[in-house]
Amino acid sequence: MNSGNNNDLEFWEIQVSLARAAARLPKPSLAKFHYEVLEEIGKPPGLDLIDYFVSLADISDEEVKEYFRFIGKAKEGRKKEKDNDPKKELAKRCAAGDSPSVLKFRQLFIEEFDEPPSEEMIGYFLQTVQGNGTGKEKSNDKQTQLNLAETIARGPQPTVAKLRKGFQKEFGSTPSGEIVQYFLEKMQQYAQVKDLPDEEHESKVNFAKTVAGGLVSTILQFRKAFEKAYGEPPDAEITEIFIRQLSRKKTTSGEN
């Protein structure tokens with residue numbers, strides 16, 4: 001591993017956590033995993049991560065081939081699109097609106113075209129968001145961005161998703177790879193000098209065990225419920241506790 005891959009290495013632990021969670025879903029899907037990574041990280045999964053997920057979820061060779069055919073068609077279609085494409089126009093309008101996000105774009109896209117946006121369209125939307133800046137140039141200098149990244153890194157339960165959300169709100173764009181790497185470095189530094197309060201951690205563990213007892217049955221439902229309760233997505237440890245508890249429940253039910 002060379003220094004040129006430092007940024008990918010910083011993301012690897014997060015991506016592995018996503019792969020494990022997605023592989024434990026009742027019906028794991030390579031396509032769903034692709035969009036999950038795209039939503040969380042801001043870019044599609046690399047070949048190493050795809051191989052790892054396929055090995056965990058026991059995805060069939062046919063599904064893998066279909067996935068890569070889809071990716072190939074999406075890249076080819078990008079070259080043939082016209083500037084006045086209605087789907088691109090929707091992406092531009094959503095990117096120029098207040099607090100643009102992939103979730104909001106997908107909802108508007110489905111409402112207008114009765115289908116979810118392709119990986120290609122989501123990528124186009126994210127590029128448009130980065131290019132817009134939504135008129136917030138007065139505070140969009142690099143030092144201000146670094147300061148925001150450090151503030152989030154030393155806050156409670158810092159995550160890349162929280163960093164991206166903060167950047168969208170403050171600057172109208174997603175953070176660059178350099179800013180994300182700086183954030184992860186600061187997050188590690190602050191993690192060495194402070195521990196998660198025992199009471200807070202215990203509360204989150206109990207929450208994961210409780211909802212796994214019958215309130216929710218999927219990773220996606222758990223993440224939504226957790227974020228509603230704590231204002232942030234669950235980290236890898238809490239997610240794995242939920243998954244283990246859910247597995248125990250299914251095993252017990254099967255025995256009965």
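I need the full set of residues from region 35-56 which are among the aliphatic types (A, V, I, L, M) and either surrounded by fewer than 20 Cβ atoms within 10 Å (Cβ to Cβ) or part of a loop (DSSP other than H, G, I, E, B) (or both), in order please.
38, 41, 47, 56, listed by residue number.
Any chance you could count how many residues in region 145-157 are closer than 22 Å to residue 100 by Cβ and in contact (Cβ under 8 Å) with a residue 24 or more places away in the chain?
Summing the residues that are closer than 22 Å to residue 100 by Cβ and in contact (Cβ under 8 Å) with a residue 24 or more places away in the chain in region 145-157 gives 3.
Quick one: what pairs do we get from region 200-212, first residue within 10 Å of residue 222 (Cα to Cα), second among the polar types (S, T, N, Q) and part of a helix (DSSP H, G or I), C-beta under 7 Å, 6+ apart or different chains?
Every condition considered, the pairs that remain are 208/245; 212/245.
State whether one or more residues within region 63-83 are modelled with pLDDT of 80 or more, open to solvent by 50 Å² or more (accessible area, probe 1.4 Å) and part of a loop (DSSP other than H, G, I, E, B).
no
Just for region 205-252: of the residues that are surrounded by 13 or more Cβ atoms within 10 Å (Cβ to Cβ) and among the small types (Gly, Ala, Ser), which one is nearest to residue 21 (Cα to Cα)?
Within region 205-252, the match that is nearest to residue 21 (Cα to Cα) is 236.
Can you confirm whether residue 153 is among the aliphatic types (A, V, I, L, M) and at pLDDT 85 or above?
No: the conditions fail for residue 153.
The values are calculated or read from the model by the stated rules, or taken from the named source; none is laboratory data. All figures in this text were calculated on a predicted structure; none of them were measured in a lab. Counting neighbours? That spans all protein chains shown, and the Cβs are built from the backbone with ideal geometry, glycine included. Each accessible area value is taken on the protein alone, full model and side chains, heavy atoms only, with ligands, DNA and RNA left out. Shrake-Rupley method; radii C 1.70, N 1.55, O 1.52, S 1.80 Å.
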